[in-house]
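Peer 1: Below you'll find the structure I mean.
Nothing in this text is a laboratory measurement; each read-out follows from the coordinates by a stated rule. Please read these numbers as outputs of a predicted model, since none were measured by experiment. Cβ placement follows ideal geometry from the backbone for every residue including glycine, while neighbour counts extend to all protein chains displayed.
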Amino acid sequence: MASTATEGGPRLEFDEPVIDFGRVPDHETRNARVVIRNAGSSPLTVQKVVPTCGCTTVGFKTPVTLPAGGESILSLDFDPKGSGKQEKYVQVVSNDPRRATSTVTIRADVVATLTAEPRFLALGRVTAGAPVLGSIEITAAVDGCDLSGAKITGDLAAHATPSITRLNDPSEARGRWRVDVNIGPAVPWGWHTASMVVNGTIDPPSDRRPIEMKFAMNGSFEGSIIADETLIGLLTMKPGQRIDREVTLQRADGRGLTCLSATIAGGTPGLRASVEPLDTGRTRWRVRLEGTAPNAPGSVGGTVVVTTDDPANPVVAIRYAGVVR
């Protein structure tokens, strides 16, 4: 409840600083209107309104100036992501001398329309040319759902074909489906990732609405040459931290191998790669990534490209990734 008292200077108040939507199905959008009031004695300028997450959008043009006692309406749209109890924030920046940033809090208990097992499709280590099939089972948690398609993006998009099969009788109100992802034999050597969106509709009593569920997938694809790691995880690093990581390469059949060079492609400055044999028979080779992390915070990533004398795998690409904080 806003105070009617005024005091020197501008003073920002909300009629409802906390919006509690209660239980919200994850396929529905909720709206709210919040009154912004100048309870002070001089003009209040709202300089900007900033949602702190992508699930909340606002309708409010800034800057706007309100005279003493003046009001304006902040329109909020909450489009839930994920499920469970959630608390989101919208920050309102003004010239209120008591508080430069005021906050509207949005609360909701988001109810999932679909559940899935597994939630992440890990393909594991894959031998080149071998058939690969990953599967996910999706179950409707509410009545009236129908799944119609799936789309894959990312490294594996050109090699992966998704399909959806209904597992229970279509007359049942709550469906169960299996999403199969078939991976073709021509995936390049190395670590690959992708994202998949399964989409459909739900028929609530009022009107049909779209629904979707997102999944991540990854896998390590190797061939006649194998590695103990195809992705070097640098994890979280401090600015300027020393980096010294190794990966071992060898032929899958144990025969001799020659690695000709190791270079970095599309990488973060300050790192270098090298390769050397680990035994006199030259059956095992050490690929080394060395250098220092950047001084500025941010992502670190690239690819160590190793050329070999293997006709089936003349080039192997070992990714590395981390973040500086």
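Peer 1: Just subtract the alpha-carbon distance of Ser42 and Asp309 from 0.36 nm times their residue separation and send over the number in nm, one decimal.
Peer 2: Length gained between Ser42 and Asp309: 88.3 nm.
Peer 1: Could you list which residues have their amide H under 5 Å from that of Phe221, counting only those 5 or more apart in sequence or on another chain, with H placed in the peptide plane?
Peer 2: Val126, Gly190, Trp191, His192
Peer 1: Please name which of Ala157, Pro294, Phe120 has its Cα lying farthest along the dipole of the chain towards the positive end, using unit charges on Cβ (Lys, Arg +1; Asp, Glu -1) and the Cα centre as origin.
Peer 2: Among Ala157, Pro294, Phe120, the one farthest towards the positive end of the dipole of the chain is Pro294.
Peer 1: I would also like to ask the following. Between Val187 and residues 5 or more places away or on another chain, which pairs have amide H atoms under 5 Å apart, with H built 1.01 Å from N, and which residues are they?
Peer 2: Gly129
Peer 1: Apply the Karplus curve 6.51 cos²θ - 1.76 cosθ + 1.60, θ = phi - 60°, to the phi angles in the stretch 191-204 and return the couplings in whole Hz, x for Gly and Pro.
Peer 2: Each residue of the stretch 191-204 in turn: 8, 9, 10, 7, 10, 10, 10, 9, 10, x, 9, 10, 9, x Hz.
Peer 1: Run the numbers on the stretch 165-261 and let me know its relative contact order in percent, using alpha-carbon pairs under 8 Å that are six or more apart.
Peer 2: Here the relative contact order equals 20 percent.
Peer 1: Rounded to the nearest 5, what % of DSSP beta bridges with both residues in the stretch 14-167 are antiparallel?
Peer 2: So the antiparallel bridges amount to about 85 percent of the total.
Peer 1: Over the chain, what relative contact order in percent results from Cα pairs under 8 Å that are six or more residues apart?
Peer 2: Once divided by the residue count of the chain, the mean separation gives 12 percent.
Peer 1: As a test of understanding, state the convex hull volume per residue of the stretch 208-325 from its alpha carbons, in Å³.
Peer 2: 140 Å³
Peer 1: How compact and how long is the stretch 172-247, expressed as Rg and Dmax of its alpha-carbon atoms in Å?
Peer 2: For the stretch 172-247, the Cα-based Rg and Dmax read 20.4, 60 Å.
Peer 1: Using θ = phi - 60° and the Karplus curve 6.51 cos²θ - 1.76 cosθ + 1.60, what whole-Hz ³J(HN,Hα) does each residue of the stretch 139-156 get, with Gly and Pro shown as x?
Peer 2: 10, 6, 8, 9, 6, x, 8, 9, 9, 10, x, 9, 10, 10, 10, x, 4, 8
Peer 1: Another question about this same structure. How much length would be gained if the chain were fully extended between Glu117 and Glu87, taking 0.36 nm per residue of separation minus their Cα-Cα distance, in nm to one decimal?
Peer 2: So the chain would gain 8.2 nm between Glu117 and Glu87.
Peer 1: What is the Cα convex hull volume of the stretch 129-201 when expressed per residue in Å³?
Peer 2: With only Cα atoms used, the stretch 129-201 gives 83 Å³ per residue.
Peer 1: Go ahead and set up a Gaussian network model of the chain, Cα springs under 10 Å, then flag whichever of Ser274, Ser102, Ser171 fluctuates most.
Peer 2: For the chain, modelled as a Gaussian network with Cα springs under 10 Å, the answer is Ser171.
Peer 1: Go ahead and set up a Gaussian network model of the chain, Cα springs under 10 Å, then flag whichever of Arg178, Arg11, Arg119 fluctuates most.
Peer 2: Highest fluctuation of the listed residues: Arg11.
Peer 1: Given C-alpha coordinates of the chain, what is the ratio Rg to Rh with the Kirkwood estimate of Rh?
Peer 2: With Rh from the inverse mean 1/r over Cα pairs, Rg/Rh is 1.13.
Peer 1: Using 0.36 nm times the number of residues separating Lys238 and Thr57, minus their current alpha carbon distance, what extension gain do you get?
Peer 2: 61.7 nm
Peer 1: Ratio of the stretch 220-281's C-alpha Rg to 2.2 N^0.38 Å, to two decimals?
Peer 2: The value comes to 1.32.
Peer 1: What do the square roots of 5 times the Cα gyration tensor eigenvalues come to for the stretch 1-147, in whole Å, largest first, as semi-axes of the equivalent ellipsoid?
Peer 2: With the √(5λ) rule applied to the stretch 1-147, the semi-axes are 45, 17, 11 Å.
Peer 1: May I pose another question? Which ³J(HN,Hα) values in Hz, rounded to whole numbers, follow from the phi angles of the stretch 162-170 under the Karplus curve 6.51 cos²θ - 1.76 cosθ + 1.60, where θ = phi - 60° and Gly and Pro get x?
Peer 2: Values per residue, Gly and Pro as x: x, 9, 10, 10, 6, 9, 10, 4, x Hz.
Peer 1: Show the residues, 5+ positions off or on another chain, whose built amide H is closer than 5 Å to the amide H of Cys145.
Peer 2: HN-HN under 5 Å from Cys145: Gly175, Asp203.
Peer 1: Related question: Can you compute the radius of gyration and Dmax for the stretch 93-223, using only the Cα atoms, both in Å?
Peer 2: 20.1, 67
Peer 1: While we're looking at this one, here's another question. Placing unit charges on C-beta atoms (Lys and Arg positive, Asp and Glu negative, everything else neutral), compute the dipole magnitude of the chain about its Cα centre in debye, rounded to 20.
Peer 2: Using only the charged Cβ atoms, the result is roughly 760 debye.
Peer 1: Using the Cα centre of the stretch 1-116 as the reference point, and only Cβ charges (+1 on K/R, -1 on D/E), how large is the resulting charge dipole? Debye, rounded to the nearest 20.
Peer 2: The dipole of the stretch 1-116 has a size of about 220 debye.
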